[in-house]
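Peer 1: I am attaching a structure below and will ask some questions about it afterwards.
The values are calculated or read from the model by the stated rules, or taken from the named source; none is laboratory data. Please read all numbers here as calculations on a predicted model, not as lab measurements. A quick note on method: Cβ atoms are made from the backbone with ideal geometry, for glycine too, and the neighbour counts reach across all protein chains shown.
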Amino acid sequence: MTPEVQNIKTLEAKLRLALGSQFINGELFESRELIAKFGNVKLEIYPDEHPPPHFHVKNPDFNVSIDIIHCRIIKGSLDSRIYKKIKYFHKENKDLLIETWNRTRPSDCPVGPILLNT
């Protein structure tokens, strides 16, 4: 790697940390989009993700992945009280979750958008 390329990579990493963003194929994307917050629990969607389409429920003690279509936990575990709140939020805001997922997809995302008729 040439010194110029190394300098660009270093600058990119510093910008990513400073802006909370990432570069994917030369495009700048937010690293995560905050959807909602309940106390110290955040619901976020990340731009370049693995299937199935999902959102993260996190706080300092956990980071749980939940399927956007069915609101099923796909990774991690939640206290039933928190999960009940998440399921209610999902029921009332599924369209927002789908719209945010679709809007934050980079063109080369391996998952792609969610079709609105799902």
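Peer 1: Scan the range 77-111 for residues that are outside any helix (DSSP H, G or I), surrounded by 13 or more Cβ atoms within 10 Å (Cβ to Cβ) and not aliphatic (A, V, I, L, M) and jot them down.
Peer 2: Matches in the range 77-111: Thr104, Arg105, Pro106, Cys109.
Peer 1: For residues that are among the polar types (S, T, N, Q) and either modelled with pLDDT of 95 or more or more than 12 Å from the chain's Cα centre (by Cα) (or both), scanning just the range 87-118, find the one that is farthest from Arg72 (Cα to Cα).
Peer 2: Step one: filter the range 87-118 for residues among the polar types (S, T, N, Q), giving 93, 100, 102, 104, 107, 117-118.
Going one step further and asking which of them are either modelled with pLDDT of 95 or more or more than 12 Å from the chain's Cα centre (by Cα) (or both), we end up with 93, 107, 117-118.
Working: Asn93: 15, Ser107: 26, Asn117: 19, Thr118: 15 Å.
Across the range 87-118, the extreme among qualifying residues is Ser107.
Peer 1: For a quick check of your reading of the model, give me the residue pairs whose first member lies in the range 59-79 and is free of Cβ contacts under 8 Å to residues at least 40 places away in the same chain, whose second is hydroxyl-bearing (Ser, Thr, Tyr), with beta-carbon atoms closer than 8 Å and at least 6 apart or on different chains.
Peer 2: Cβ pairs passing all conditions: Phe62/Ser77; Val64/Ser77; Ile73/Ser65; Ile73/Tyr83; Ile74/Ser65; Lys75/Ser65; Gly76/Ser65.
Peer 1: Residues of the range 73-95 being within 22 Å of Pro113 (Cβ to Cβ) and either touching a strand residue (DSSP E or B) at 6+ places or on another chain (Cβ under 7 Å) or not assigned by TED's automatic domain parsing to the domain that holds Pro47 (or both), which ones?
Peer 2: Residues of the range 73-95 within 22 Å of Pro113 (Cβ to Cβ): 74-75, 89-95.
Correct list: Ile74, Lys75, Phe89.
Peer 1: Hey, could you check the range 1-52 for residues that are among the aromatic types (Phe, Trp, Tyr) and at pLDDT below 75 and say which is surrounded by the most Cβ atoms within 10 Å (Cβ to Cβ)? Can you show your working first?
Peer 2: In the first step, residues of the range 1-52 are kept if they are among the aromatic types (Phe, Trp, Tyr); the result is 23, 29, 38, 46.
Going one step further and asking which of them are at pLDDT below 75, we end up with 23, 29.
Numbers: Phe23: 15, Phe29: 19.
Only one residue fits best here, namely Phe29.
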